[in-house]
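One structure is given below, encoded as structure tokens.
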Amino acid sequence: MLKKLQLQNFRNYDKKDFEFEGLTTVVIGPNTSGKTNLVESIYLLAFGKSFRTDKDAQMLKFSEEIGRVKGKTEDTELEVVLTNGFLYGQKSQYKKFLVNGVSKRKVDFQGNFSVVMFSPQDLEIIIESPSLRRNFLDEVLEQVDKSYRVDITSYNKALRQRNALLELARDTGVRNEKQFEYWNELLIKHGQNITNKREEFITFANNSQKTIFDFLINYDKSIISEERLNQYREAEVGAGVTLVGPHRDDFSVSMFNKADDSTHDIKYFGSRGQQRLAILQLKHIEIEYIENALGKRPTFVLDDIFSELDEGHIGLILEILGEQQTIITTTHKEFLPKEIIDKVQLIKFVKEV
Ligand SMILES: Nc1ncnc2c1ncn2[C@@H]1O[C@H](COP(=O)(O)OP(=O)(O)O)[C@@H](O)[C@H]1O
Ligand SMILES: [Mg+2]
């Protein structure tokens with residue numbers, strides 16, 4: 001559980017401390033009062049990155065040089081130091097990670113505190129681009145498995161290098177086979193690990209009991225192997241990018257039609273309501289998978305989601321309050337039943353902070 005959070009020069013915050021009491025906290029504040037920024041800082045403590053930007057310096061308060069997010073769980077102090085790339089006139093790293101005051105690499109920083117987030121953009125997971133679905137898989141797996149985090153980091157690095165070689169081959173007509181061999185080997189090794197672990201999670205999801213909405217996930221994997229790379233050899237030089245591997249993975253979600261025992265892709269055949277139920281179910285599975293792997297439930301963070309959902313959907317979310325730490329942000333407390341509001345910790349943002 002996250003007990004304390006201190007923000008310093010983070011987004012719109014100068015300096016602000018939060019203490020989380022009890023299992024459920026509801027943060028109420030008007031638009032632009034800093035709710036999503038608060039949620040982003042909590043996400044940063046779990047993942048070591050933002051969910052809405054890859055440019056870390058954007059999280060730093062405008063025109064500041066250094067900022068901090070510090071969090072305290074029952075037994076661990078986590079800190080991310082942010083800079084704009086320059087500190088006291090010297091070039092510096094954009095991000096630094098500390099666990100109990102000791103500097104760590106990102107792969108070792110992650111895994112100390114876990115979060116399942118639910119924000120309006122998650123409502124697009126099933127219907128929008130495949131990168132959202134890959135991101136969903138990575139969020140689950142990165143939190144429970146250090147070797148997966150290492151595989152992802154190494155794979156992405158090898159992919160960048162190999163794509164640069166392909167571009168060079170396209171522009172010059174010369175292939176540096178020795179270098180290709182080196183990066184291919186790394187790409188295949190880490191890529192196959194990623195595929196296997198994604199497959200494991202999808203099998204878990206398909207075997208898990210679904211009380212919200214029943215579905216079947218179909219893993220549309222892009223297998224990477226020596227044969228496959230050979231097969232795409234010419235096409236890749238033409239394209240200048242690597243055409244096979246888990247960076248091209250996708251999955252689809254199918255619902256069951258009881259009448260004739262057929263299955264249908266929710267993306268094309270599901271109603272908006274069914275798509276949302278499926279997302280709720282996916283999030284629930286995410287929580288259970290993490291609990292299963294780590295032996296404790298992650299903190300559940302809901303950012304301004306209630307304005308997007310109807311009463312029935314909200315009711316399903318409220319059913320799991322009390323089963324883990326839950327932090328909810330909302331513009332109006334009226335989105336939650338009075339019995340719940342009376343029992344939870346309330347934090348109010350009165351105006352822009
Ligand atoms: N790096 C930054 N420095 C200062 N302010 C920022 C920065 N990034 C965003 N903001 C501001 O933070 C404010 C609150 O944003 P947000 O947390 O998204 O509000 P909401 O409560 O609607 O979720 C916005 O007015 C935005 O312009
Ligand atoms: Mg917001």
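The values are calculated or read from the model by the stated rules, or taken from the named source; none is laboratory data. Predicted, not measured: the structure shown is a model, and the values here were computed from it. All Cβ positions, glycine included, derive from the backbone under ideal geometry; neighbour counts span all protein chains shown. To get the accessible areas, we keep the full protein, side chains included, count just its heavy atoms, and leave off ligands, DNA and RNA. Shrake-Rupley method; radii C 1.70, N 1.55, O 1.52, S 1.80 Å.
Please find, within the range 19-32, the residue that is most open to solvent (accessible area, probe 1.4 Å) out of those that are under 16 Å from LEU302 (Cβ atoms) and within 23 Å of the chain's Cα centre (by Cα). Among those that are under 16 Å from LEU302 (Cβ atoms) and within 23 Å of the chain's Cα centre (by Cα), it is LEU23.
Does ARG68 fit the bill of being at pLDDT 95 or above, within 11 Å of ligand 1 (Cβ to nearest atom) and of a type in the set (Lys, Arg)? The answer is no for ARG68.
Quick grid of which residues meet (1) in a helix (DSSP H, G or I); (2) over 17 Å from TYR94 (Cβ atoms); (3) within 15 Å of ligand 1 (Cβ to nearest atom); (4) not basic (Lys, Arg):
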residue	(1), (2), (3), (4)
GLY22	no, yes, no, yes
ASN31	no, yes, yes, yes
ASN37	yes, yes, yes, yes
THR53	no, no, yes, yes
ALA57	yes, no, yes, yes
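Residue count for the range 294-312 satisfying the condition of being open to solvent by 60 Å² or more (accessible area, probe 1.4 Å) and not in a loop (DSSP other than H, G, I, E, B): 4.
Hey, can you tell me all the residues within the range 89-120 that are in contact (Cβ under 8 Å) with a residue 12 or more places away in the chain, polar (S, T, N, Q) and surrounded by 15 or more Cβ atoms within 10 Å (Cβ to Cβ)?
GLN110, ASN112, SER114, SER119
Got at least one residue in the range 129-150 being of a type in the set (Phe, Trp, Tyr) and without any contact (Cβ under 8 Å) to a residue 24 or more places away in the chain? Spell out how you get there, then give the answer.
Our first condition is that a residue be of a type in the set (Phe, Trp, Tyr); within the range 129-150, this holds for 136, 148.
So of that shortlist, the ones also without any contact (Cβ under 8 Å) to a residue 24 or more places away in the chain come out as none.
No, the range 129-150 contains no residue that is of a type in the set (Phe, Trp, Tyr) and without any contact (Cβ under 8 Å) to a residue 24 or more places away in the chain.
If the condition is being within 13 Å of the chain's Cα centre (by Cα), within 16 Å of ligand 2 (Cβ to nearest atom) and either open to solvent by 10 Å² or more (accessible area, probe 1.4 Å) or touching a residue at least 40 places away in the same chain (Cβ under 8 Å) (or both), then the range 33-49 contributes VAL39, ILE42, TYR43.
When LYS210 is tested against (1) in contact with a Gly (Cβ under 6 Å, 6 or more places away or on another chain); (2) within 30 Å of THR24 (Cβ to Cβ), just one condition goes unmet, and that condition is (1).
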